[in-house]
1. Simple spin-label model, 7 Å along Cα-to-Cβ: residue 49 to residue 154 in nm?
2. Can you compute the modelled spin-label distance between residue 84 and residue 120, with each label point 7 Å from Cα toward Cβ, in nm?
3. Determine, for each peptide in 96-102, 72-78, the mean count of other beta carbons within 10 angstrom over its residues, then list the peptides with the highest first.
4. Highest mean first, what order results for 57-68, 142-153 on Cβ atoms within 10 Å?
5. What is the range 11-169's relative contact order, in percent, from Cα pairs under 8 angstrom and six or more apart in sequence?
6. Suppose each label sits 7 Å from its Cα in the direction of the beta carbon; what would the residue 188-residue 33 distance come out to in nanometres?
7. Take peptides 120-129, 106-115 and line them up by average Cβ neighbours within 10 Å, highest first, as a rough protection proxy.
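Rule-based calculations on the coordinates, nothing more; no lab input. Here the structure is a predicted model, which means the values were calculated and not measured. Heads up, the Cβs are rebuilt from the backbone with ideal geometry, glycines too, and the neighbour counts pull from every protein chain shown.
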């Protein structure tokens, strides 16, 4: 379950005249950089009360909702923005929330919509990779994440995801290298949603599976699982919660 929304947060105080939509957007970007999700939700709510057709405010709010575990609300918020101003980043924003919900087909549609607008949009290839991993297409997932890495080679998420795919395929050596590369770039990068396990934990689970007889790394069901013994005892690495 996500953290509370903005009920206990005071919205941005207004001066004698309301802030402009652009001012709310600038404030939202600053709060996003600070990872101040509750205040970002409060600020965008205040802005949308005055500017109900501002797509950037809807997307900023949706991003904060996803980061606080409110995935359905995140999808709803970004869905308000897309018809107003469709951009690749908006489809990617919603796509990650759909992944967190386990709606992989819908996430693929959003990734493809983003790529129809920008065929070199790395985040869209990352979303396609996530979706293919969870539907068991490991070779397709690896191809997509490698495309994402070629477009954005210093993105720790893509290296992290490659490690998950390689671990699921049983390639422990290369999985370790991918996890370590992600950690070398940024061990504390902002995860796409709260339940997504970080690379440090995934690497530790991979090493633990290696030293425990009978354990192997596999993808199971709607989430990526860390280790399964011969009677299918599952230790979850990450999974959607709703």
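1. Distance between the two pseudo-spin positions: 4.1 nm.
2. 3.0 nm
3. My ranking of the peptides, most packed first, is 96-102, 72-78.
4. 57-68, 142-153
5. Value for the range 11-169: 13 percent.
6. 1.8 nm
7. Order by mean packing, descending: 120-129, 106-115.
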